[in-house]
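Where a number appears in this text, it was derived from the coordinates with a stated rule and is not lab data. Just so it is clear, the model here is predicted, and its values are computed rather than measured. Neighbour counts are summed over all protein chains in view; Cβ atoms, including those assigned to glycine, are modelled from backbone coordinates with ideal geometry.
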């Protein structure tokens, strides 16, 4: 199959590699053109625009960061829809708005182009290994056509309904993952504060009811305080915003996201470096686990500049020393009075 792959980030590049390995004729395009080069070395053709990539293709695989990016590369000037012929197929592995996805699918259908929304779960590890879980939305016929592409990098592929259903399932996944990350972080902080032997504890937890993907794949990073580049916090925050928007449409409150630290992260437009915010988030579980620390301290930390010099030392997912309770600030970085 002739497949154009657009978006060659942490997830898209491994997907393209798997498609090449499976024998597909692959053309690649990325806004940062240098990311095309390793795939060209494996035999992929390069294209200067989404429209050029889609020209002559049977299908277009997209994997980009957000809904506006997807709309632009598919339907904007020079977009893939200009190059993809009638009868073509778009397979979107981005994590974007379910309602926007349904709208995009309808607009593509007017051009005679099918679409399957196919967001994935399994992290960068799953993308590299070709073992991703894939949530799919679209017609039965389009889902069947997408199978040849999705089987190249997915191990569990599930059709959940019409256009947008895959994205809604991914929103559910991200809500559950957010809560799991928070609870695993708190548990690790408690275990460290109590002085438990961590390797033995993780082995025991992984054999019981507390076992999870997060525990198996991320607890070691929390313990060692090492966080190699993977899924960006900013993108997870975006995903949770999608879930909150969809829940609001359904009239359903999501308490995991609306209460505590997750709500504060959602509402802040962080003015500084995202890396600094990531460092702060890694400390939240440890902060919450101390009896002398409360929500007011979290608010102060969010309101302050978190430059390395201003930060207390040794409190990144380790048991922190008790600190004096701080007062709530009068205003936040955005000028509001805070959550």
(request) Take each of the peptides 83-95, 240-252, average the number of other beta-carbon atoms within 10 Å over its residues, and list them starting from the highest. (result) 83-95, 240-252
(message) Test of understanding: ordering 55, 129 by Cβ neighbours within 10 Å, fewest first, what list do you get?
(response) 129, 55
(request) Arrange the peptides 113-123, 8-18 so that the one whose residues have, on average, the most other Cβ atoms within 10 Å appears first. (result) 113-123, 8-18
(message) If I take R0 = 30 Å and measure r between the Cβ atoms of residue 225 and residue 46 in this structure, what FRET efficiency does the formula 1/(1 + (r/R0)^6) give, to the nearest 0.05?
(response) 0.15
(request) Order these peptides, 152-165, 34-47, 200-213, by their mean beta-carbon neighbour count within 10 angstrom, highest first. (result) 152-165, 34-47, 200-213
(message) What number results when the radius of gyration of the range 40-175, computed over Cα atoms, is divided by 2.2 N^0.38 Å?
(response) 0.98
(request) Mind giving me the FRET efficiency for residue 155 and residue 207? R0 is 25 Å, r the Cβ-Cβ distance, nearest 0.05 is fine. (result) 0.65
(request) With label points built 7 Å along Cα→Cβ from the Cα atoms of residue 255 and residue 186, find their separation and express it in nm. (result) 1.2 nm
(message) Give the separation of the Cα centroids, the range 113-131 to the range 41-69, in Å.
(response) 16 Å
(request) Calculate how many DSSP beta bridges within the range 1-156 are antiparallel, expressed in % of all such bridges and rounded to the nearest 5. (result) 10 percent
(request) Please say if the range 184-228 is rounded, prolate or oblate, where rounded means a/c under 1.5 for a ≥ b ≥ c the square roots of the C-alpha gyration tensor eigenvalues, and otherwise the choice is prolate for a/b larger than b/c and oblate otherwise? (result) oblate
(request) Report the equivalent ellipsoid semi-axes for the range 1-67 in whole Å, largest first, defined as the square roots of five times the eigenvalues of the gyration tensor built from alpha carbon atoms. (result) 15, 13, 12
(request) Note down the nm distance, to one decimal, between modelled labels 7 Å out along Cα→Cβ at residue 235 and at residue 110. (result) 3.1 nm
(message) How much length would be gained if the chain were fully extended between residue 25 and residue 103, taking 0.36 nm per residue of separation minus their Cα-Cα distance, in nm to one decimal?
(response) 25.2 nm
